[in-house]
Amino acid sequence: METYQVDLSEIALRIRREIVRMVYNAQSGHPGGSLSVADILTVLYFKEMNIDPKNPNDPKRDRLILSKGHASPALYATLALRGFFPVSDLAGFRKIDSHLEGHVSREIPGVEVSTGSLGQGLGVGVGMALASRLNGFNYHVYVILGDGEMEEGNVWESLMAGYKYKLNNLVAILDRNGIQLDGYTRDIMPLHDIHAMVESFGWNVIEIDGHSFSEIEDAIEKSKRSERPTFIIANTVKGKGVDFMENNPKYHGSPPESEDLYRRAMRQLGEEI
Amino acid sequence: MKSESLRDVYGKELVKLGSFDRDIVVLDADLSSSTKTGYFANAFPDRFFNMGISEQSMVTTAAGLALSGKKPFVSTFAIFLTRTYEQIRQSVCYNNAPVRFVVTHGGITVGEDGATHQIVEDVGIMAGLPNMNVIVPADSVETRSVVDYLAGVDKPHYVRLSREKFPVINDEDYEFKIGKSKTIRDGADLTIIADGVMVSKSLEAAESLKKNGVDARVINMSSIKPTDRDAIIKAAKETGHIVTAEEHSIYNGLGSRVAEITSESYPVPVRRIGMRDTFGKSGKAWELFSYFHMDVKDIINEAMTCLEEKNYENIP
C-alpha cells in the first residue's frame, strides 16, 4: 500500500463539490445522503483502507460496500479522485452513454458490489468477511448503511450472522443522518435506541461524530482491536456543507432546482462558478 | 423401475466434491437434515454455514462468498428461497455472483404439508432473472451429473429438486449438458417435452401409447434456461403437435417456454400439462398428480387429443 500524505478536509470538500455537480448535471440523484457520508468515505479511501487503484483485484485488498447505494455520487467521486477512473467520467453520471449507473454498479472500477435496493450490503459483507477468514487473508470489510435502511429485516438477520461467526474483520458504519425519503426517521419508523439494539445483538458499538476525521479514524482503529464485529454509529448531517440542503428531507433525492441554488451550493463548497 | 432420492444424491455428491475442492462452501437455513446438506456439515464443519431461519441473510452472504472466489452451494426448500427473490435479483444476479442454489421440496410432491409448502411458480420466477440458469433434473443420475457441473460454473444457477424419490430413467454414464435436452425415446407422431418427475411419467405414457399404435417422442428438457431451442423446433417440424408436462404452473414454466419458442419459429399446437393457476393441497404426493390432472393418464389423453386434431387436419 502506498503511503499518502493528504489533506483530508480538502479532499472531502472536493468530493462534495463533485457530488453537487453530478446531481445538478444529471438533474437527478441523491445529494443529501451523499454529502452526509463524504467524510467517512474520505477517511476510508484516503487513509485507512488497503487498496491500490493500479491493482484493483488484489485478493488481499480491503473491501467497501456502500449498502446505501443511492449515495452513488459520493462513492463515484471518491473512487475517481482516488484514481480508479478519470474524474472527467463523473460528468456522465446517470446518462445513457456513461458507465456511471444511477445506483452503485459493479461495472465501475473500484466498486465491489452493486447496491441500490436497501438492506443487502451487510449480508454481502458477512460473506466477504467469511471468505477473508477461509482464505487466511484477514482483510477488512467495511459496509456503509443508511439509517432508513436499518428498517430492513435483512440488516438484522445479518447482524445475527456477524455475531455468530465473530467476524472481527467486519465493520458496519451507520450514516446516521436522521432523514429518509419520506421525512425524519423518528417519524417514519423510530428505532428506540439503536446503540442498545445493535449492542444487544452482540456487536462492538462505537458512537462518533461522522464529520470528525479524527473520530472516524479512531473508531476504525478501535475496530481492529475488537474480537467482535464493530458497528460504528456515525452521527451526521444530511446535506452537510450546503446550507439549504442541511437537515432538509427534500434533498434526499432532488438536485438543486435552479442555477442560482447550484451556484450558491458550489460557492459554499469553495468553488466560484 | 427403481426410485432414488435426488436430495440424498445431492448431499452425498457435495461431500465428494468438497473433499478435493476446498473452495466449495455450503449454506443452509435450518433445513440441512431435509435438504441433505447435513452430510457436508458433518464432513466439513468449517465450510458449512447454518444461517438459521434467515434466508435473506443466507442469500446475501452467499453473494459475498461468491464475489470473493468461493463456490457457495445454497440450500433450503424451494418455497423459502423465493421469499428472497429481490436479494437474488440484486446481490446475486445483477452482480453475476456464481451462487449455486440447489433447492429441495419443489412442486406438489411435497405432499401432506400442503399448499403453503408446494411452490409451483419458482421455475418461472428464477428463469425470468437475467444471468440465471435454471435446471430441473429428472432423476438421481441426472442430479449427480448436475451437481458435478455446478462446481465449475461462473454464473448463478437454480436447481430444483424434490422431497420424493423419483424413478431412475437415465443410464449410469449419462452426462448433463447445460442448454441441451435429451431425446429419451424417439417417435414420429407427436412429441412430449417434460422436466423433473414428469419425464418418467411421460415415458410411461409413451409405452402405453405405443400399445395403441401411437409413436410418441419423449424429450427430457432438464435445462430450462438456457433452453434447447433446436430440439423443440426439430420436434415441431418432425412430429407436429407437442405436449408439455411439468410439476409446475403451466403459465411461466416449461410449457410457456415451449409455446414461446414454437410460436416464434415454427408454430404447432402445444398442449400443456401442469398446475393451472391454482395452489396445491394436502394429500399423498402421488395422489396429487391425479387430483390435478397431471398423471400418466392425463398425458395419454392430451396425446390422443393431439392425434385427433392431426387426423382432422389431414382430411383432404
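The values are calculated or read from the model by the stated rules, or taken from the named source; none is laboratory data. Just so you know, these numbers come straight off a predicted model, no measurement behind them. Glycine also receives a Cβ, built like all others from the backbone with ideal geometry; neighbour counts cover every protein chain displayed. Note: areas computed on protein heavy atoms with side chains; ligands, DNA, RNA excluded. Shrake-Rupley method; radii C 1.70, N 1.55, O 1.52, S 1.80 Å.
Of all GluC sites (Glu not before Pro) in the range B:120-186, which ones are in loop regions per DSSP and have a Cβ with at most 15 other Cβ atoms within 10 Å?
Working: sites: B:GLU121, B:GLU142, B:GLU164, B:GLU172, B:GLU175; in loops: B:GLU121, B:GLU164, B:GLU172, B:GLU175.
Filter output for the range B:120-186: B:GLU172, B:GLU175.
Rounded to two decimals, what ratio of Rg to Rh does the protein assembly as shown give with C-alpha atoms and a Kirkwood Rh?
Values: Rg = 27.4 Å, Rh = 25.9 Å.
Rounded to two decimals, Rg/Rh equals 1.06.
Could you work out how far helix B:198-211 tilts from the main Cα principal axis of chain B, as a 0 to 90 degree angle to the nearest 10?
20
Quick one: helix B:55-66 against the long Cα principal axis of chain B, what's the angle to the nearest 10°, folded into 0 to 90?
For helix B:55-66, the angle is close to 80 degrees.
Can you give me the relative contact order of chain A as a percent, contacts being Cα pairs under 8 Å and 6 or more apart? Show your work: numbers first, answer last.
Working: 542 pairs, mean separation 62.6, N = 273.
In percent, rounded to a whole number, it is 23.
In whole angstrom, how far apart do the alpha carbon centroids of the range A:133-151 and the range A:221-237 sit?
Between the Cα centres of the range A:133-151 and the range A:221-237 lies a distance of 11 Å.
Taking amide H positions as placed 1.01 Å from N in the peptide plane, with prolines and chain starts having none, which residues 5 or more places from A:ILE232, or on another chain, fall under 5 Å of its amide H?
A:ALA172, A:ILE173, A:LEU174, A:ILE206
Suppose a student asked you for the relative contact order of the range A:104-260, using Cα pairs under 8 Å spaced at least 6 residues apart; what percent would you report? Mind showing how you got there, number by number?
On the way: 248 pairs, mean separation 33.7, N = 157.
Averaging sequence separation for qualifying contacts and normalising by length gives 21 percent for the range A:104-260.
Which value, in debye to the nearest 20, gives the size of the charge dipole of the protein assembly as shown about its Cα centre, when Lys and Arg are +1 and Asp and Glu are -1 at the Cβ?
Details: 66 positive and 82 negative charges, 143 e Å.
The dipole magnitude comes to about 680 debye.
If one takes the longest principal axis of the Cα atoms in chain B, at what angle in degrees, from 0 to 90 and to the nearest 10, does the Cα axis of helix B:254-265 lie?
Between the helix axis and the principal axis of chain B, the angle is about 60 degrees.
For chain A, return all DSSP H helices satisfying: extent of Cα atoms along own axis at least 20 Å; mean Kyte-Doolittle hydropathy at least -0.5.
Working: long enough: A:8-26 (27 Å, 0.23); A:121-135 (21 Å, 0.99).
Qualifying helices: A:8-26, A:121-135.
Looking only at other chains, what is the average number of their beta-carbon atoms within 10 angstrom of each beta-carbon in B:70-78? Present the calculation step by step, with values, prior to reporting the outcome.
Working: counts 6, 0, 3, 0, 0, 0, 0, 0, 0.
Average neighbour count from other chains, rounded to a whole number: 1.
Rounded, prolate or oblate: which one fits the range B:195-316, using the alpha carbon gyration tensor with axes a ≥ b ≥ c (rounded when a/c is under 1.5, else prolate when a/b beats b/c, else oblate)? Before the final figure, lay out the partial values.
Numbers: a/c = 1.75, a/b = 1.24, b/c = 1.41.
Oblate is the answer for the range B:195-316, as a/c is 1.5 or above yet b/c matches or exceeds a/b.
Roughly speaking, what is the stretch gain from B:LYS12 to B:GLU86, that is 0.36 nm per residue apart minus the C-alpha to C-alpha distance, in nm to one decimal? Mind dumping the intermediate values first?
Details: separation 74, 0.36 × 74 = 26.64 nm, distance 3.03 nm.
So the chain would gain 23.6 nm between B:LYS12 and B:GLU86.
Accessible area per residue of the range B:182-313 at 1.4 Å probe, in Å²?
On the way: 5620 Å² over 132 residues.
Heavy-atom SASA per residue in the range B:182-313 reads 43 Å².
Using heavy-atom solvent-accessible surface (probe 1.4 Å) with all chains present, what is the largest-first order of A:PHE137, B:PHE44? Can you show the working numbers first?
Numbers: A:PHE137 70, B:PHE44 30 Å².
The residues order as A:PHE137, B:PHE44, largest area first.
If we sort B:186-195, A:63-72, A:158-167 on the protection proxy, mean other Cβ atoms within 10 Å, highest first, what's the order?
On the way: B:186-195: 24.4, A:63-72: 28.0, A:158-167: 21.2.
Sorting B:186-195, A:63-72, A:158-167 by mean packing, highest first, produces A:63-72, B:186-195, A:158-167.
Given H placed 1.01 Å from N in the peptide plane, which residues other than close sequence neighbours of A:LYS238 have an amide H under 5 Å from its amide H?
A:ASN247
How many angstrom lie between the C-alpha centres of the range B:174-227 and the range B:28-107?
31
What trypsin sites (Lys or Arg not before Pro) in the range A:205-252 are in a loop by DSSP, with at most 15 other Cβ atoms within 10 Å of the Cβ?
A:LYS224, A:ARG225
For a quick protection proxy, order the peptides B:211-224, B:51-64, A:138-151 by their average other-Cβ count within 10 Å, most packed first. Mind showing how you got there, number by number?
On the way: B:211-224: 21.1, B:51-64: 27.9, A:138-151: 24.1.
Those peptides, ordered most packed to least, come out B:51-64, A:138-151, B:211-224.
Return the average number of partner chain Cβ atoms within 10 angstrom of each residue Cβ along peptide B:45-58.
Values: counts 0, 2, 2, 0, 6, 1, 8, 4, 1, 8, 2, 10, 16, 6.
Shielding by partners across B:45-58 averages 5.
If r is the Cβ-Cβ distance from A:GLU10 to A:LYS222 and R0 is 22 Å, what FRET efficiency results, to the nearest 0.05? Walk me through the intermediate numbers first.
On the way: r = 26 Å, r/R0 = 1.18.
Efficiency, from the Cβ-Cβ distance: 0.25.
When a/c is below 1.5 the answer is rounded, else prolate if a/b is larger than b/c, else oblate, so apply that to the range B:3-167 with a ≥ b ≥ c taken from the square roots of the Cα gyration tensor eigenvalues. Let's see the in-between values first.
Numbers: a/c = 1.38, a/b = 1.09, b/c = 1.27.
Rounded shape, in that the Cα axes give a/c under 1.5.
Shielding of A:133-144 by partners, i.e. mean partner chain Cβ atoms within 10 Å per residue?
Per-residue shielding by partner chains comes out at 2.
Can you give the FRET efficiency to the nearest 0.05 for A:HIS195 and B:LYS177, using r as the Cβ-Cβ distance and R₀ = 51 Å?
Details: r = 55 Å, r/R0 = 1.08.
Result of the calculation: an efficiency of 0.40.
Enumerate the calculated ³J(HN,Hα) couplings along the range B:93-101 in order (Karplus 6.51 cos²θ - 1.76 cosθ + 1.60, θ = phi - 60°), each rounded to whole Hz, writing x wherever the residue is Gly or Pro.
Going residue by residue, I get 6, 5, 7, 6, 7, x, 8, 9, 8 Hz, with x marking Gly and Pro.
If you filter the range A:1-102 for chymotrypsin sites (Phe, Trp or Tyr not before Pro), then keep DSSP loop positions with at most 15 other Cβ within 10 Å, what is left?
Working: sites: A:TYR4, A:TYR24, A:TYR45, A:PHE46, A:TYR76, A:PHE84, A:PHE93; in loops: A:TYR4, A:PHE84, A:PHE93.
Answer by residue number: A:TYR4.
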